[in-house]
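I have placed the structure first, in the form of structure tokens, so that the comments after it can refer back to it.
The values are calculated or read from the model by the stated rules, or taken from the named source; none is laboratory data. Every value quoted in this text rests on a predicted model; they were computed, and no experiment measured them. Every residue, glycine as well, gets a Cβ built from its backbone with ideal geometry; the counts of neighbours run over all protein chains shown. Side chains included, ligands, DNA and RNA excluded: accessible areas come from the protein's heavy atoms. Shrake-Rupley method; radii C 1.70, N 1.55, O 1.52, S 1.80 Å.
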Amino acid sequence: MNEPFAPGQVNCEQKVASVVDLCFSPVTRVAVAAPGVARHLDLLRETGVTVTRAGESWLDVTGPGVTKASALEVLRVKLGISSGATVAVGDSENDLEALAWAGREISMGHAPAVVQGVADEATGTIDEHGVATALDSLLPPIDTTGLSDLAAQLAVAVDSAPGVTKLRVWHGAGAELAGAEIRTAVARAWRRHAPIPEAVGSTMLALADAADQAGLGYPTTDLRLRARWTRGEARPALFELPIWQR
């Protein structure tokens, strides 16, 4: 930046440089902050770049045709997700394109009127954990009463998967698990569906017990059902096992 931003305005280490140095290399985004800078919005747009206002004192500048919606569309196509199965949650004017793109549009409770006016529905504010409420509404109504956190995560992940599922597990240096996730078959390809964060630091035995508690089928003893082991520096021991609803 050519001048330091006020505390809390940007989430990064700030390094002051001259405008000449800033213009030396290509960038993906330029943030312009100054009192009343929004009055230059139309003039900047005439150059062909994409300019989004985030209040009267802040403009975000990206390349021609580059918006949150354009990035989301690339991701949607890559993952093979239908347009109707998309959701966007926004709280600022730079979210307007994403909200218009989404099949389901949700505005945050603290969003300005222009954002709330284009969304189909609203959720709570940041202080009210509005995004968590919106995400929770996407999950199937699964009763996890009495389940451990690990069993609940497995139950929700398997039940919400659009296709058949398998559990991918990898170890660190010892017997404890370094990670686990549920993968699902979409368009004849296995894709990562949901992480299982409670599995980190647990064991395979704990996973088997949690799956049983959640009422999930899980090959605990039949080694023939285990996929090939693969080994590498990042994941010394990685394997996958089918998991299903009984």
Residue count, the range 128-149, condition touching a residue at least 12 places away in the same chain (Cβ under 8 Å) and either within 25 Å of GLY55 (Cβ to Cβ) or assigned to a strand (DSSP E or B) (or both), comes to 4
For the range 157-168, indicate whether the set of residues that are assigned to a loop (DSSP other than H, G, I, E, B), modelled with pLDDT of 95 or more and out of contact with any Lys or Arg (no Cβ under 6 Å at 6 or more places or on another chain) is non-empty. no
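Quick one: is ALA178 surrounded by fewer than 17 Cβ atoms within 10 Å (Cβ to Cβ), of a type in the set (Gly, Ala, Ser) and either assigned to a strand (DSSP E or B) or at pLDDT below 90 (or both)? Give the derivation first.
Numbers: surrounded by fewer than 17 Cβ atoms within 10 Å (Cβ to Cβ): no; of a type in the set (Gly, Ala, Ser): yes; either assigned to a strand (DSSP E or B) or at pLDDT below 90 (or both): yes.
Taking the combined requirement at face value, the residue does not satisfy it.
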Scan the range 142-170 for residues that are surrounded by 19 or more Cβ atoms within 10 Å (Cβ to Cβ) and within 22 Å of GLU105 (Cβ to Cβ) and report the count. 0
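Counting residues that are free of Cβ contacts under 8 Å to residues at least 24 places away in the same chain, which strands (runs of 3 or more DSSP E) fully inside the range 1-117 reach at least 2? Outline the logic, then answer.
On the way: elements: 30-33, 50-53, 58-62, 87-90, 104-107.
Per the criteria, 50-53, 104-107.
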Note: among GLY84, GLY109, GLY124, just one is open to solvent by less than 60 Å² (accessible area, probe 1.4 Å), of a type outside the set (A, V, I, L, M) and farther than 26 Å from VAL61 by Cα, namely GLY124
Between GLY55, GLY48, which is surrounded by fewer than 18 Cβ atoms within 10 Å (Cβ to Cβ), modelled with pLDDT under 90 and closer than 30 Å to PRO4 by Cβ? GLY55
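Suppose we keep only residues that are in a loop (DSSP other than H, G, I, E, B) and touching a strand residue (DSSP E or B) at 6+ places or on another chain (Cβ under 8 Å) within the range 181-214. Which one would you say is nearest to ARG76 (Cα to Cα)?
Within the range 181-214, the match that is nearest to ARG76 (Cα to Cα) is ILE196.
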Looking at LEU139, LEU79, LEU99, which is the one that is under 17 Å from the mean Cα position of the chain (by Cα), open to solvent by less than 60 Å² (accessible area, probe 1.4 Å) and not aromatic (Phe, Trp, Tyr)? LEU99
Out of the residues in the range 181-190 that are of a type outside the set (Val, Ile, Thr) and closer than 14 Å to ALA155 by Cα, state the one that is surrounded by the fewest Cβ atoms within 10 Å (Cβ to Cβ). GLU181
